[in-house]
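The structure appears right after this line, and notes come after that.
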Amino acid sequence: MTALARPAPAKLNLGLHVLRRRADGFHDLETVFLPIGWADTLAAAPASDLALTTTDPALPTDGRNLVVRAARALAAWGGVEAGARLHLDKRVPYGAGLGGGSSDAAAALRLLAELWELAVPDDVLVDLALGLGSDVPFFLDGRPALATGQGERLAPLLGAAGAPYRCPFWIVVAVPDVHVGTAEAYGLVTPRDRDRPALADVVRSNDLARWRAELANDFQAPVEAAHPAIAAARRALVAGGAGYASLSGSGSAVFGAFESEAAARAAARSATGCRVWVEARG
């Protein structure tokens, strides 16, 4: 079999409510996952052993990498003795609230199931994904979804006529050179599970004034206070004409929704010191 390749797209969080801390130390969340076009690419070729290379020399290529962990988990489930030569073209910034590592893991599961000719039932694939991270199951399908629990309970976000929701705005993502640790972010946020708007309804309204009023990310205020560069990046998008701008996940990525391409591209140029992605929606 020749080499196979698969994109691993990033996501944005449209709103993120930290509802409560659970007895196990984790938190219950509510958020909308929106896939975007910014993507890594994972390639796989047959081999006698398992090895990963990447375009980013800072990334580990051993069991610390979710791609390797996904490959090992799938091989163990399927009793696979063959290996694979895996190569990750890393384009999505990691540790930025964009889900890049989780998307890479989901791509590895899909790609290696094909390479190794495994007929993996959907429920098994989801279980394998969940064992790698709470948001990995989302990337198996990658369509807009309302996520609850720790992010693993997914309900399709539907728009008009029952079709998958489509965001009608231009999107600009800006990632400053700042790392926000997950444990740090949760240490800064105060859970609240009362008087919260229904995020799915807010998103589907496509009303930017309503988004500004009701589509909140609970991490945004404390994370921006701790990391002024993140606040500056978001303010630059607002100054550039974003009708809505927010943190994604626990950061450090911020994004803005724009009604015109010209404003979006101008705002992207103004996001100095950031890695930037621009895409049309709708």
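The values are calculated or read from the model by the stated rules, or taken from the named source; none is laboratory data. These numbers come from a predicted model, not from an experiment. All Cβ positions, even for glycine, are placed from backbone atoms using ideal geometry, and neighbour counts span all protein chains on display. Ligands, DNA and RNA are excluded from the accessible area calculation, which covers all protein heavy atoms including side chains. Shrake-Rupley method; radii C 1.70, N 1.55, O 1.52, S 1.80 Å.
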A chain fully extended from Ala213 to Ala198 at 0.36 nm per residue, minus the present Cα-Cα distance, gains in nm 4.1 nm
Peptides 87-98, 154-165, 15-26: what's the order by average Cβ count within 10 Å, highest mean first?
87-98, 15-26, 154-165
If you filter region 48-146 for GluC sites (Glu not before Pro), then keep DSSP loop positions with at most 16 other Cβ within 10 Å, what is left?
Glu81, Glu117
Hey, any idea what % of region 190-241's accessible area is carbon plus sulfur with a 1.4 Å probe?
48 percent
State, as an integer percentage, the relative contact order of region 1-48 based on alpha-carbon contacts under 8 Å between residues 6 or more apart.
52 percent
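What ranking do 255-264, 66-75 get when scored by the average of other Cβ atoms within 10 Å per residue, highest first?
66-75, 255-264
Once you charge only the Cβ atoms, +1 for Lys and Arg and -1 for Asp and Glu, what is the size of the charge dipole of the chain about its Cα centre, to the nearest 20 debye?
Here the chain has a charge dipole of around 680 debye.
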Averaged per residue, the 1.4 Å probe accessible area of the chain, protein heavy atoms only, in Å², is roughly 44 Å²
Helix-only [θ]222 nm of the chain, DSSP H runs n ≥ 4, -39500 (n - 2.57) each, per residue, nearest 500:
-9500 deg cm²/dmol
When the chain is treated as a Gaussian network with springs between alpha carbons less than 10 Å apart, the largest mean-square fluctuation among Val223, Val203, Val189 is found at Val189
Of the convex hull drawn through the C-alpha atoms of region 82-216, the volume per residue in Å³ is 169 Å³
When the accessible area of region 1-95 is computed with all protein chains present and a 1.4 Å probe, what percentage of it is carbon and sulfur?
54 percent
Defining a contact as two alpha carbons under 8 Å apart and six or more residues distant in sequence, what relative contact order in percent does region 12-168 show?
26 percent
Evaluate the relative contact order of the chain (contact order divided by residue number), counting alpha-carbon pairs under 8 angstrom at least 6 apart; express in whole percent.
22 percent
Using DSSP to define loop residues, name the chymotrypsin sites (Phe, Trp or Tyr not before Pro) in region 102-160 whose beta-carbon has at most 11 other beta-carbon atoms within 10 Å.
none
Leaving ligands, DNA and RNA out of it, work out the accessible area of His227 with a 1.4 Å probe and give it in Å² to the nearest 10.
40 Å²
